[in-house]
Amino acid sequence: ETIDHFQDEHLLLSNKMSVYKVGNYFRLYNQKFIDEINKEIDGYYPVILTTTEEYNQESFIQSNCVKTYIDRPSSIIISLRKDNPKSTNRATIEFQLSKINDNLNSKIVQKLGKYNSPLTEEWKEIIEKLEIKFQNLLNEINFNGFDVIYNRGNIEKNLQVKFLESFEQNKETLQFVNN
């Protein structure tokens, strides 16, 4: 009937297809971690994505493939939104975590706008602030992974995401472990 109606219907059907193909993931992070990350920074609103539906919605709004990242244990996706928490003016940011010699490291491996476009200079300072906040918070809460509830059809699994040895010497990455 209208473009808005079409987009709503498209998102609904995309979510259903994702559930059939991939299943539903629910990432259960430390609540302090979520609360602190999601606090406004200078008029920008970081939102840590935790469910398959949130990943799908971010992917739909940004016209990117972030919905395929829900099952990547070492990636944490934050949607950074300008002016309000529901804004469609946003950046999608992928943080990757690892431990090297027991030191927790986070790094931004992607930070992109709509259609995977490079971000303008206006985003630079706020992303630097978010990056510092993210790393400090990981250290403060002694981040050592998170839990995941995964279901697909009649199968439900409780998983943990923990740091395990990587193929690189002295490096550990987040990986799924059956609970």
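Being of a type in the set (Asp, Glu), at pLDDT below 90 and outside any loop (DSSP other than H, G, I, E, B) is a description that applies to Asp8.
Does Lys111 meet the test of being at pLDDT 95 or above and closer than 30 Å to Glu172 by Cα? So that I can check it myself, show each step before the final result.
Numbers: at pLDDT 95 or above: yes; closer than 30 Å to Glu172 by Cα: yes.
For Lys111, the condition - at pLDDT 95 or above and closer than 30 Å to Glu172 by Cα - is met.
When residues of region 145-163 are filtered for being open to solvent by less than 90 Å² (accessible area, probe 1.4 Å) and closer than 23 Å to Ile48 by Cα, how many remain?
Initially, region 145-163 is screened for residues open to solvent by less than 90 Å² (accessible area, probe 1.4 Å), giving 145-151, 153, 158-163.
After this cut, where a residue has to be closer than 23 Å to Ile48 by Cα as well, the list is 145-151, 158-163.
Looking only at that region, the number is 13.
Just one of the listed residues (Glu165, Glu125, Glu121) is touching a Ser or Thr at 6+ places or on another chain (Cβ under 9 Å) and either modelled with pLDDT of 90 or more or over 24 Å from Gln62 (Cβ atoms) (or both), namely Glu165. Consider region 139-179 and keep the residues that are of a type in the set (D, E, K, R) and either touching a residue at least 60 places away in the same chain (Cβ under 8 Å) or not in a strand (DSSP E or B) (or both). The one that is farthest from Tyr45 (Cα to Cα) is Glu168.
The requirement of being small (Gly, Ala, Ser), modelled with pLDDT of 95 or more and within 11 Å of the chain's Cα centre (by Cα) is satisfied by Ser79. Checking Glu36, Glu53 one by one, the residue that is in a helix (DSSP H, G or I), open to solvent by 50 Å² or more (accessible area, probe 1.4 Å), modelled with pLDDT of 95 or more and closer than 27 Å to Phe143 by Cβ is Glu36 and no other.
The values are calculated or read from the model by the stated rules, or taken from the named source; none is laboratory data. Predicted model, so just to flag it, every value in this text is computed and none were measured. Cβ coordinates were reconstructed from backbone atoms using ideal geometry, including for glycine residues, and neighbour counts include every protein chain displayed. Just the protein is used for accessible areas: all its heavy atoms, side chains included, with ligands, DNA and RNA removed. Shrake-Rupley method; radii C 1.70, N 1.55, O 1.52, S 1.80 Å.
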